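Undergrad: The structure under discussion is supplied below as structure tokens; questions concerning it will follow.
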Amino acid sequence: MISAFAFLMIGCGSGQGTGAADPVATPLSSNSADQRALEHRLSEIDDAVSRWQAAVDLVAVGAAAEAARNLVVGPDGPGYGDADGDGTVTGANAVGLLPGLAGQHGPATEAAGAAGACVVRDVLGWSWGDPSARWAILADAIAAWSPASNTFPSLPSHPQRIVGWATLALGADDLPTALEFGGHARLHIDIASRAVTDCG
């Protein structure tokens, strides 16, 4: 699965702008409905991570990790779809939490103005002026990850780190390792959720 995710990133060069609006530099006018949508999506990701941590086999891990990843990336982002090959897109949605490859706005972008600086810092992870570059950075971190070298702390967006751990879990060969990756994802969904409810 790691190589499949990296394959999806071919052509998403880090030096090319997309012309899409930067959601941090030019946030949309947000309202309480936007913030509720963000909170709802983060709750869905939280539920997926909880199922991942409670999984009793790799099949259950795959379904839950797939859901968590899909809820973050959405159909306009990389790696969306039936990652575990069971014929079902778990975590299916119309728009991802984070901007799509061409800058399509998701709940995090829509709520950035109303939800505050912590959403910009911890959920978006600062600027998405070049969305394809932001996703390419994640693909590079996944490709370079090893048990001896955790590359994910360099990613500024905590939901992107969840995508990283989910991708590793989908490729894991044993349940303890996959559950360990779920523990890492738990830390990051907790931080992302606190960014909305307890910005400090």
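Undergrad: Quick one: in region 114-161, which of the residues that are basic (K, R) and without any contact (Cβ under 8 Å) to a residue 40 or more places away in the chain is surrounded by the most Cβ atoms within 10 Å (Cβ to Cβ)?
TA: R161
Undergrad: While we're looking at this one, here's another question. Does D130 satisfy the condition of being farther than 21 Å from A67 by Cβ and at pLDDT 95 or above?
TA: Yes, satisfied.
Undergrad: Same structure again: Going through A192, A111, A166, A185 one at a time, which residue ends up being open to solvent by less than 10 Å² (accessible area, probe 1.4 Å) and more than 28 Å from D84 (Cα to Cα)?
TA: A111
The values are calculated or read from the model by the stated rules, or taken from the named source; none is laboratory data. Predicted model, so just to flag it, every value in this text is computed and none were measured. Using ideal geometry, Cβ is built from the backbone for each residue, glycine included, and neighbour counts are taken over all protein chains shown. Calculation scope for accessible area: heavy atoms of the full protein, side chains included, ligands and nucleic acids excluded. Shrake-Rupley method; radii C 1.70, N 1.55, O 1.52, S 1.80 Å.
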